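Engineer: I have a structure I would like to understand better, so I am pasting it below and will then ask my questions one at a time.
The values are calculated or read from the model by the stated rules, or taken from the named source; none is laboratory data. The structure displayed is predicted, hence computed values, not measured ones. Cβ placement follows ideal geometry from the backbone for every residue including glycine, while neighbour counts extend to all protein chains displayed. Accessible surface is based on the protein model in full, side chains and every heavy atom, while ligands, DNA and RNA are left aside. Shrake-Rupley method; radii C 1.70, N 1.55, O 1.52, S 1.80 Å.
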Amino acid sequence: MPKARPQPRLISLSRRVVFLHIAKTAGTSIVHFFRERLPAGSICSHGDFLGFSQHRPDFQRQLQQYQFVSGHFGYIDVADLLQDSYSFTFLRDPVDRVLSLYKFCMHPDMQQRFAVARAARDLGLEGFLNSKLPEVCEMLDNQQTWQFARMYWHEDREALAHLSEHELLEMAKRHLNEFSHTGLTETFNEDFARILHDLGIGERVPLARQFQTAEPVTREQLQPSTLAVLQERVALDYDLLDFVRARRSRT
C-alpha cells in the first residue's frame, strides 16, 4: 500500500500577498502551493470572487480581509492594495498563451461556463483566432497589456478607448513597475523560487505542475495567414514582454 503523501506545513505571511494571475501562465500551480499551506479562509482566488460585489470599491474592501489574494482581475481591481502588499505576476509568450487558452477552452466544463470556450468549440482553431466576437476579443486582443493597464473586459477597453496604443502600453508598463516581482513562464522555477525567498518561505519549488497542457496546440499547426493575424492581435503584449525581459537583463 503506497504511503500517504505528507501534508505541507502551514506557513504565515508577514504581509498580504497579491498575485495578479494572467490566464494560462502556470499560475494555478502557485495558487495550489499557497492553498495547501495557508489557513482556511485566508486565501482568495478564482471562483471565490463570484459572491463578491462587483462594484469595484466594494470589491477591493472585500479583498482586504485575506492574506493571499489571487485571480484573473485587473490592475484597477487591486491598485489600492499594492502599496502595503507583496505583489507579483507572470507573463508568457503571447502566442503560446493564446494557443494554450484555446486548448483549455476545449474542456466541456469550460464550455458550459464561459462564452469564449463555446466560441472556441463552435469556430475551431483557425476561426477562433480570426474571430471578432466580443468574448473572443476580450481574451485575445493584447489581453496581458489590458490586464495591467486596467482590465480586459469590454467596458474597460471602452473606458480607455481615447488612448493611443503607445499610451496604453506605457500605462501598462507603469503599473507593472508597481509590482514587487514580475516572473516569466519560461523561467517559472527561478521566478517562483525568488518569490518564496522574498516571502521568507524556506521551501523548494514543487516539481509537479497543475493543469499542465497535454498535447498542446503549437504555432506550426496554424496557417501562416492565421499566425500573422494572431501576432498582430497580441503585438502590444510582445512589447510588454520585451520590456520585462530588458528590465531583467539590467538587474
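Engineer: Have a look at the stretch 161-251 and give its Rg and Dmax from the Cα atoms, expressed in angstrom.
Structural biologist: Rg and Dmax of the stretch 161-251, Cα atoms, are 16.9, 48 Å.
Engineer: Which percent of Cα pairs goes in each bin when the distances of the stretch 45-190 are cut into 10 angstrom slices starting at zero?
Structural biologist: With a bin width of 10 Å, the distribution comes to 10, 35, 39, 15, 0.
Engineer: Just how far, in whole angstrom, is the stretch 222-241 from the stretch 86-139 if you go by their alpha carbon centroids?
Structural biologist: Cα centroid of the stretch 86-139 versus Cα centroid of the stretch 222-241: 14 Å apart.
Engineer: Got a sec? What order do 241, 207, 133 fall in by accessible area at 1.4 Å, biggest, i.e. largest, first?
Structural biologist: 207, 133, 241
Engineer: Show that you can apply the helix-only estimate: for the chain, add -39,500 (n - 2.57) for every DSSP H stretch of four or more residues, divide by all residues, and state [θ] at 222 nm to the nearest 500.
Structural biologist: The helix contribution divided over the chain gives -14500 deg cm²/dmol.
Engineer: Continuing with this model, one more query. Within 10 Å of each candidate Cβ there may be at most 10 other Cβ atoms; applying that plus a DSSP loop requirement, which chymotrypsin sites (Phe, Trp or Tyr not before Pro) in the stretch 23-73 survive?
Structural biologist: Listed in order of number, the matching sites amount to none.
Engineer: Using Cα springs under 10 Å in a Gaussian network model of the chain, which residue among 159, 117, 23 shows the largest mean-square fluctuation?
Structural biologist: 159
Engineer: Using a Gaussian network model on the chain with a 10 Å cutoff between Cα atoms, which of 183, 27, 124 fluctuates the most?
Structural biologist: Comparing 183, 27, 124 in a Gaussian network model of the chain, the most mobile one is 124.
Engineer: Could you sort 95, 205 by accessible area so the largest value comes first, with the probe set to 1.4 Å?
Structural biologist: The most accessible residue leads, giving 205, 95.
Engineer: Determine the gain in length on full extension of the stretch residue 219-residue 132; use 0.36 nm per residue of separation and subtract their C-alpha separation, reporting nm with one decimal.
Structural biologist: My answer for the length gained is 29.3 nm.
Engineer: On to the next question. Given the stretch 150-209 reduced to its alpha-carbon atoms as identical point scatterers, what log10 I(q)/I(0) does the Debye formula return at q = 0.16, 0.17, 0.23 Å⁻¹?
Structural biologist: Taken in order of the listed q values, log10 I(q)/I(0) reads -0.70, -0.73, -0.92.
Engineer: Take the alpha-carbon positions of the stretch 1-99, form their convex hull, and give its projected area averaged over all directions (one quarter of the hull surface) in nm².
Structural biologist: For the stretch 1-99, the mean projected area of the Cα convex hull comes to 8.5 nm².
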